[in-house]
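Data first, discussion second: the structure below is written as structure tokens.
The values are calculated or read from the model by the stated rules, or taken from the named source; none is laboratory data. As the structure is a computational prediction, the values presented were derived from the model and not from experiment. All Cβ positions, even for glycine, are placed from backbone atoms using ideal geometry, and neighbour counts span all protein chains on display. Accessible surface areas use protein heavy atoms only, side chains included; no ligands, DNA or RNA. Shrake-Rupley method; radii C 1.70, N 1.55, O 1.52, S 1.80 Å.
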Amino acid sequence: MTEESLRRVLDFTTSVTFDIKAYHDDVHRALTGAPVEPVLRNAKYIAENAPERLWEFRVLLIPKITEGEVKPIAEFLSAIDSEIPLNFLAFRPNFVFEDYQGVTREALDRAVEVAREAGLKNVNWSGRADLPGEIFEATASEYDESGAKRAGGIAKRAGCVTLPRDCGSCQAIHQCPSKGYKPGRRT
Ligand code: SF4
């Protein structure tokens, strides 16, 4: 969302739950196909201008992909306000990640600990931990961070043709092979 759109949405919003998928741009692009800067800018705007409507920020914890994002996200939020609520969601294998391993309880506990060490006071995790699956190799050399290499490799495997991902300017956006991926698993 643009800043203007965010302000207009906040005008009629009573409760906000806000996902931050990653802090590093290449991890964010690998996971979502979009840059992280507008997300962090909007997160900061909400935390500073509508804290009474903020239910929580959420971070999906995916093994070996977003674990390295925990500390920078927690430091980013803590620098705004140490009271900001943060919840780590347990990754559940789904869609192009249908065979990927769920996150362990230990990793979720560790993420909470790291976020508290970064200065946040209201941190929790939720969801179902320890779901079975496989941790894929990091195969997309177009990215810098190891989590991005792994997530980008999964997008590539599902048919993404533009790496690093940038869905906004991708020539294939209307025939995107990865968006037509048909998962075998139903959740
Ligand atoms: S092929 Fe293009 S539209 Fe599809 S996921 Fe990759 S970057 Fe995005």
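Restricting the search to region 1-14, which residues are closer than 21 Å to Ile73 by Cβ and open to solvent by 70 Å² or more (accessible area, probe 1.4 Å)?
Of everything in region 1-14, those that are closer than 21 Å to Ile73 by Cβ and open to solvent by 70 Å² or more (accessible area, probe 1.4 Å) turn out to be Met1, Glu3.
Taking the criterion of being on the phi > 0 side of the Ramachandran plot and in contact with a Pro (Cβ under 7 Å, 6 or more places away or on another chain), would at least one residue in region 92-102 satisfy it?
Yes, region 92-102 has at least one match.
Does at least one position in region 61-83 carry a residue that is farther than 24 Å from Arg165 by Cβ, surrounded by 14 or more Cβ atoms within 10 Å (Cβ to Cβ), free of Cβ contacts under 8 Å to residues at least 40 places away in the same chain and not small (Gly, Ala, Ser)?
The answer is yes; a qualifying residue exists.
Checking Arg165 against (1) part of a helix (DSSP H, G or I); (2) within 16 Å of the ligand (Cβ to nearest atom); (3) closer than 30 Å to Glu56 by Cα: exactly one of these is not met. Which one?
(1)
Take the conditions more than 23 Å from Asp144 (Cβ to Cβ) and not small (Gly, Ala, Ser) and apply them to Asp26. Does it pass?
no
Among the numbered criteria (1) free of Cβ contacts under 8 Å to residues at least 24 places away in the same chain; (2) outside any loop (DSSP other than H, G, I, E, B); (3) of a type outside the set (A, V, I, L, M, F, W, C), which one does Glu137 miss?
(2) is the only condition that Glu137 fails.
Which residues, taken from region 149-158, are out of contact with any Phe, Trp or Tyr (no Cβ under 7 Å at 6 or more places or on another chain) and surrounded by fewer than 23 Cβ atoms within 10 Å (Cβ to Cβ)?
Lys156, Arg157
What is the number of the single condition among (1) open to solvent by less than 30 Å² (accessible area, probe 1.4 Å); (2) aromatic (Phe, Trp, Tyr); (3) assigned to a helix (DSSP H, G or I) that Phe88 does not meet?
With respect to (1) open to solvent by less than 30 Å² (accessible area, probe 1.4 Å); (2) aromatic (Phe, Trp, Tyr); (3) assigned to a helix (DSSP H, G or I), Phe88 is out only on (3).
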